[in-house]
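Read through the structure below, which is laid out as structure tokens, and then see the notes.
The values are calculated or read from the model by the stated rules, or taken from the named source; none is laboratory data. Worth saying up front: this structure is predicted, and the values here are computed from it rather than measured. Cβ: placed from backbone, ideal geometry, glycine included. Neighbour counts: every protein chain shown. The accessibility values were calculated without ligands, DNA or RNA, using every heavy atom of the protein model including side chains. Shrake-Rupley method; radii C 1.70, N 1.55, O 1.52, S 1.80 Å.
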Amino acid sequence: MNVEVTPLPGIGVRKDFALRNGRRVGVVTQRDGKIRLIVSKPDDPDACLAELYLTADEASALANLLGAPQLVAQLTEEHRDLPGIHTRQIPVRDDSVFDGRPLGDTGLRTRTGVSVVAVMRAGQIHASPSPDFTLTAGDLLVAVGTAEGLEHAKKILLHG
């Protein structure tokens, strides 16, 4: 998929891509920090059919909804022939004792045998996070392990 990046002088940056029907879908990140999700008109890719203003948290949530399932599906497919190995998204909730603390503080690998292969944050994938990677509420950890280990990891992230 080819994402086009277009500077908008005095406004910000537009990043978009073409759907198979010819419409363009994208995001305008304005200099003042505002974020707009845009959809072009079918007959004019430069004219907006619809636009939604999103807060940074809303943009992050939408990005996680769109990105994390694809990553998990890909990992699940890759582990399909490995019996007993599962992939799961584990959220860092607002009330997690690890909000604002390094991944290494969780001890997930040692305590559960689970490996965190990526962290989804604000639409960005942080692959193979190191133990000093600081977790933040709203993060989605993409973890691989046994069903039991993944369930235990979920409980650890919430309760410590």
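Here are the numbers for the structure shown:
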| quantity | calculated |
| --- | --- |
| Qualifying residues in the stretch 14-32 (those that are open to solvent by less than 50 Å² (accessible area, probe 1.4 Å) and hydrophobic (A, V, I, L, M, F, W, C)) - the one nearest to residue 59 (Cα to Cα) | 28 |
| Among the candidates 46, 57, 32, residue that is out of contact with any helix residue (DSSP H, G or I) (no Cβ under 7 Å at 6 or more places or on another chain) and in a loop (DSSP other than H, G, I, E, B) | 32 |
| Residue list for the stretch 19-29, filter: touching a residue at least 24 places away in the same chain (Cβ under 8 Å) and not in a loop (DSSP other than H, G, I, E, B) | 27 |
| Per-region count, the stretch 88-120, residues surrounded by fewer than 20 Cβ atoms within 10 Å (Cβ to Cβ), touching a Ser or Thr at 6+ places or on another chain (Cβ under 8 Å) and outside any helix (DSSP H, G or I) | 6 |
| Check on residue 45, modelled with pLDDT under 85 and in the same structural domain as residue 20 (by TED's automatic domain parsing) | yes |
| Residue in the stretch 124-133 that is closer than 20 Å to residue 84 by Cβ and either polar (S, T, N, Q) or exposed (fewer than 14 other Cβ atoms within 10 Å of the Cβ) (or both) present | no |
| Total residues in the stretch 33-52, condition surrounded by 15 or more Cβ atoms within 10 Å (Cβ to Cβ), closer than 16 Å to residue 11 by Cβ and either in contact with a His (Cβ under 6 Å, 6 or more places away or on another chain) or not hydrophobic (A, V, I, L, M, F, W, C) (or both) | 1 |
| Unmet requirement for residue 154, which otherwise passes all of (1) open to solvent by 70 Å² or more (accessible area, probe 1.4 Å); (2) in a strand (DSSP E or B) | (2) |
